[in-house]
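Report on the structure given below.
Readers should treat all values here as calculations from the given coordinates under stated rules, not as data from a laboratory. In this text the structure is predicted, and so the values were computed from the model without any measurement. Cβ atoms come from the backbone with ideal geometry, glycine included; neighbour counts cover every protein chain shown.
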Amino acid sequence: MKGIVFPGNGTTVLEDFPDPEPGHGEVVVKIRASGMCGSDLHFYHGAFDFDRSVIQGHEPCGEVYAVGAGVDPAQATVGDRVMIHHYFGCGTCRRCRAGWPQMCETTPGKTMAVHVNGGHAAFTVVPVAALLPMPDGLSFEAGAAIGCGTGTAWGAIKRLGGVSDTTTVVIGQGPVGLSATMFAASMGARVIAVDVDDRRLANSARFGAGLVVNSRERDLAEAVAEYTGGHMADVVLETSGRAGDDALAVLGTFGRAVFTGLPGDVGFTTQAVYKKQWTLMTSWTMSSIEQARCADYVVAHNLPVDELYSHTWTIEQADEAYRWFDKQDAGKGVFLFD
Ligand SMILES: [Zn+2]
Ligand SMILES: [Zn+2]
C-alpha cells in the first residue's frame, strides 16, 4: 500500500509500505477517512520531533479489516465501524485506565504519525484498546475529525467545565476553532468567532456564532465590549496559537481562558491580573472516553461536523493537499479511501 510520509522540509512523499498484519491484541483497520489536522503542519515543516519514516495522519477512521490473536469478538469484529484514539500507552496505569494513554505514567507511549504509522494509507494497525465504536449516523469523515481537531475543541470545553449561558470568544476559526464555535453555541453560549481571514469566518455564523469579528479589520476588545455591554468575555478559547495577548485583552472578571493553539505565547504577571480572578489553562486533545462522548453528542444534536471539510483528497494528491492546507486560509481537508 502507499502511505504519505513527511520528510520534514515542507514536502510530502508517497512511499510503498507492506500491508499491515495484526499482532497479538491488535486490529487492522481499513481506512475510510483520514483527516488533515492543523498540527500536521508542524511536522510537515519539521518544527516538531517525529519519526520521519512513519505514515502520517492522526485522524483515522474506518472499518475493522482483520483481527489478531487474543482479541475478543466483543472488542472487535471484522466490519465494525470504528474511530481510533490515536495514542497508545501501557493500558494499565491510572492515566491509561482513565482513557488518557497520552499521559501514560509507565511508558513513553506512542502517537500515530509521530512514533508509529498513522492513517494516511489504505490500512493501519492499532492495539484493540485504541478502537472506539462509532454511533449510527456518524460519517467516517466526522469520526476522523472527532479523532483530533473536533475532539480537541470538545476536550477544551470539558476542561473549562462547560460554557452554557456564557459569552464565549473563540479565537481562530480553523478546524478546532470552528468546532469550538459549533459546540459552544449548541451548549447555549453566546459565541463571538474571531479570525484574521474572512474566508475562515465565512462559516462561523452558520456554525452558531452570534458575532463574527475579523480582528485585522476591527479592534477585538472594542467589539467584545460593545457586544457584552462592557462586561467582556466569560470564556475565551484561543485556538490559533498566535493571539495569547488578544485572549487576555477580552477576558472579563472571573473569566476562564483555555489555550489549545501551538506554539502559543501568553504573557502575564499575577500582579497585573489577580484582581480579575482569572482561571487560565491549557488543554491537550481529549481522553478516549471523551472522544466517544463527543461522537455521541454530535449525533444527538445533529451537528454539522461534515461541513467542516472544504476539500476532499485522494492520497495520490498528497502534495497538492498539503500545499493547500499550509496556506491556512480555508477549511479542513480529508483523504478518502474506497
Ligand atoms: Zn499507562
Ligand atoms: Zn491533531
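The table below gives the values:
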read-out	value
Mean separation of Cα contacts under 8 Å, 6 or more apart, over the residue count of the chain: relative contact order %	18
Reach of Lys110 by Cα under 26 Å, taken over lysines that are not fewer than 8 positions away in the same chain	Lys2, Lys30, Lys158, Lys332
Charge context of Met134, other residues only, Cβ under 12 angstrom, K/R +1, D/E -1	-3
Dipole magnitude of segment 153-282, debye to nearest 20 (Cβ charges: Lys/Arg +1, Asp/Glu -1, about Cα centre)	360
Computed label-point distance, nm, for sites Ala69 and Phe17 using a 7 Å Cα→Cβ extension	2.4
Crossing angle, helix 149-160 versus the chain [Cα axis fit, 0-90 degrees, rounded to tens]	50
Cα pair distances in segment 153-282, grouped into 5 Å bins until the bin that holds the longest one, percent each	2, 12, 25, 27, 22, 9, 2, 0
